[in-house]
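Presented below is the structure to which this report refers.
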């Protein structure tokens with residue numbers, strides 16, 4: 001009960017023992033300092049607040065100065081410091097800090113309000129994987145793990161790129177688990193799966209009654225949910241241009257405004273993005289903002305494709321072991337012909353496809369590899385040395401199918417494919433030149 005009462009006090013409260021070590025700190029002060037209670041307990045007050053505090057001196061018998069002007073993390077406070085006496089002798093001290101201006105108090109209250117409103121809704125948002133789940137002893141995988149460890153020691157944005165199925169989301173989980181934010185939420189958003197009309201409310205949340213059908217109590221957005229932890233934006237290359245500008249403002253200001261809201265809400269999250277697209281190529285077409293790209297790609301980690309790795313046998317053994325452990329099926333082992341068949345496949349779906357095939361093998365007993373449309377043509381192209389021509393033809397055919405589905409509307413067809421109008425025309429024209437040649 002005492003703990004709850006202290007956490008509901010909006011003033012910043014901290015207590016130290018006779019040695020100046022923090023023995024109690026309430027939630028308001030933790031929020032102001034940008035950490036959790038366990039980050040500060042047992043540390044010397046000067047290490048946390050700074051050398052300007054006199055609380056440790058008051059705990060040793062110095063006369064308290066009240067009100068005592070104090071600046072903490074750029075906030076100007078007025079502190080009241082009181083010694084704790086036992087048998088007439090000081091054994092510690094209590095400091096209560098008040099804001100010296102109404103505007104500063106209002107900003108702190110908003111930050112405190114958002115911080116205490118989120119924890120109850122973020123219990124389920126936790127990383128499910130760590131670096132140990134990134135299987136493989138190929139040098140490329142060793143490099144990935146090394147870069148993730150280095151990135152985990154910082155708070156800079158990270159961009160993880162690589163082909164579909166290479167384990168980009170798994171790497172994002174592992175990065176969060178290895179970071180100082182591991183105890184905070186790990187909130188995921190797939191930018192390609194959210195309907196355009198719901199993107200704003202999904203990311204930024206909304207106030208009650210902000211639009212028709214909105215819950216009367218409002219809703220916390222994913223960015224706000226990630227405060228204190230990591231926000232993972234998967235398929236960032238599919239984020240609409242309009243929203244890219246909104247995300248850039250959040251990264252620049254550290255604040256969001258809910259849909260229908262009137263006040264900024266401070267947010268503190270680490271951004272991790274993933275994409276299978278080559279974003280640098282999209283910058284030239286205007287499909288992705290260059291200013292946002294440079295914000296999210298401060299640190300980069302590339303996940304290697306399965307065909308680039310030399311640890312296939314080790315990966316198969318490890319995946320089989322993991323699948324057996326979760327399924328309980330232990331009575332099947334790959335024959336040499338089956339292993340050779342696996343090794344000869346091109347694996348366009350990378351590790352995800354391999355895991356699916358191995359799971360089917362343990363259940364059904366045979367190696368059944370789904371035929372991906374176009375793989376036979378690609379194999380033929382490799383044999384004839386005409387891969388580029390066939391690839392251009394296939395891309396052009398895909399564009400024509402999208403155009404037919406869109407009823408001849410070029411803009412709609414380009415949106416279906418996630419490309420610009422000019423890219424759409426280039427793809428069609430390349431295919432036609434190949435056919436005529």
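Structure above, values below:
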{"quantity": "Qualifying residue in region 173-193 (condition: at pLDDT 90 or above, crowded, with 23+ Cβ neighbours inside 10 Å and out of contact with any strand residue (DSSP E or B) (no Cβ under 9 Å at 6 or more places or on another chain))", "calculated": "yes"}
{"quantity": "Positions within region 409-432 being modelled with pLDDT of 75 or more and not in a helix (DSSP H, G or I), in sequence order", "calculated": "409"}
{"quantity": "Residue in region 14-28 that is surrounded by fewer than 16 Cβ atoms within 10 Å (Cβ to Cβ) and touching a helix residue (DSSP H, G or I) at 6+ places or on another chain (Cβ under 6 Å) present", "calculated": "no"}
{"quantity": "Wholly within region 333-408, helices (runs of 4 or more DSSP H) carrying at least 3 residues that are modelled with pLDDT of 70 or more", "calculated": "336-344, 350-364, 387-405"}
{"quantity": "Residue 277 at pLDDT below 90, assigned by TED's automatic domain parsing to the domain that holds residue 163 and under 30 Å from residue 36 (Cβ atoms)", "calculated": "no"}
{"quantity": "Selection count where residues are surrounded by 15 or more Cβ atoms within 10 Å (Cβ to Cβ), in contact (Cβ under 8 Å) with a residue 40 or more places away in the chain and in a helix (DSSP H, G or I), scope region 289-303", "calculated": "3"}
{"quantity": "Residue match in region 44-65 (condition: at pLDDT 85 or above, assigned to a strand (DSSP E or B) and under 21 Å from residue 268 (Cα atoms))", "calculated": "no"}
{"quantity": "Residues within region 17-42 that are in a helix (DSSP H, G or I), in contact with a strand residue (DSSP E or B) (Cβ under 9 Å, 6 or more places away or on another chain) and touching a residue at least 60 places away in the same chain (Cβ under 8 Å), tallied", "calculated": "4"}
{"quantity": "For residue 306: the one exception among (1) more than 27 Å from the chain's Cα centre (by Cα); (2) buried (at least 18 other Cβ atoms within 10 Å of the Cβ)", "calculated": "(1)"}
{"quantity": "Residue within region 135-152 that is assigned to a loop (DSSP other than H, G, I, E, B) and either under 17 Å from the mean Cα position of the chain (by Cα) or at pLDDT 95 or above (or both) present", "calculated": "no"}
{"quantity": "Qualifying position, being under 41 Å from the mean Cα position of the chain (by Cα), at pLDDT below 90, part of a strand (DSSP E or B) and within 28 Å of residue 229 (Cα to Cα), among 70, 13", "calculated": "13"}
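The values are calculated or read from the model by the stated rules, or taken from the named source; none is laboratory data. Since this is a predicted model, take the numbers as computed values, not measurements. No Cβ is skipped: glycine too gets one built from the backbone with ideal geometry, and neighbour counts run over all protein chains shown.
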